[in-house]
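The values are calculated or read from the model by the stated rules, or taken from the named source; none is laboratory data. It should be emphasised that the depicted structure is a prediction, and the values quoted were computed from it without experimental measurement. So basically every Cβ, Gly included, is an ideal-geometry build from the backbone, and we count neighbours across all protein chains shown.
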Amino acid sequence: MYLRILPLALMLAACSGPEPQFLIDTPTQAGSARLRVATLEVRQVSLPAYAAASEILLEGEDGALTQVDNALWADEPARAVTLAIAEQIGAASSATVAPEPWPLADDAQAAVQVTVSRLVARNNGTLRLTGQYAISSYDKVVRERIQGFDIVVPMVGEGPQAIARATGAAVTQLSGQITQSLR
């Protein structure tokens, strides 16, 4: 009996294609902000477990986080956010910026560590990104500090594409705040 069901289950699984995957969609940044550091390392962003998962989640009216049907992140969220922050700060500033591990022989003059306490697509049509970032400077090139952030952006449309765009917009705002704090 089970041997006859197995081929049918395998055929059905083969017919259902892979779940669509979405990138964190960050708007292109450009600028030439003069930072007080020439080199900056962006350490791996710390995300809550639910935000670090590959499933794209949406908060319901009852506060429960549920997976958006047939939607996954195309990259590990912590890696994607880390890379986006490094790219955004690098594009908007005069500094050489890279994610950890620092790829050059000489250490970076400063590092930024982002700890996200909340990254939630909410049922009211907004996405909220909260937490703190720490600026450390090995040679005290800049003043070390810890700064909180609370960013809320509207989600335009519905579904995973809207969540991906809003996540990208929130990460771009955070990158802008970090860039500004290093001026």
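Filtering the range 75-124 to residues that are of a type in the set (G, A, S) and closer than 18 Å to T172 by Cβ leaves A78, A80, A84, A86, G90, A91, A92, S93, A95, A121. Reported count of residues in the range 100-122, each being in a loop (DSSP other than H, G, I, E, B), surrounded by 13 or more Cβ atoms within 10 Å (Cβ to Cβ) and in contact (Cβ under 8 Å) with a residue 60 or more places away in the chain, is 4. Among the residues of the range 126-144, write down those that are on the phi > 0 side of the Ramachandran plot and modelled with pLDDT under 95. Scanning the range 126-144 gives a single hit, K140. Checking each residue in the range 47-72 for being touching a Leu at 6+ places or on another chain (Cβ under 8 Å) and in contact (Cβ under 8 Å) with a residue 40 or more places away in the chain picks out L47, P48, A51, I56, L57, L58, E59, L65, V68. Filtering the range 126-173 to residues that are in contact with an Asp or Glu (Cβ under 9 Å, 6 or more places away or on another chain), closer than 22 Å to W102 by Cβ, assigned to a strand (DSSP E or B) and in contact (Cβ under 8 Å) with a residue 40 or more places away in the chain leaves only I135. Selection over the range 146-160 of residues that are at pLDDT 95 or above and surrounded by fewer than 16 Cβ atoms within 10 Å (Cβ to Cβ) gives a count of 6.
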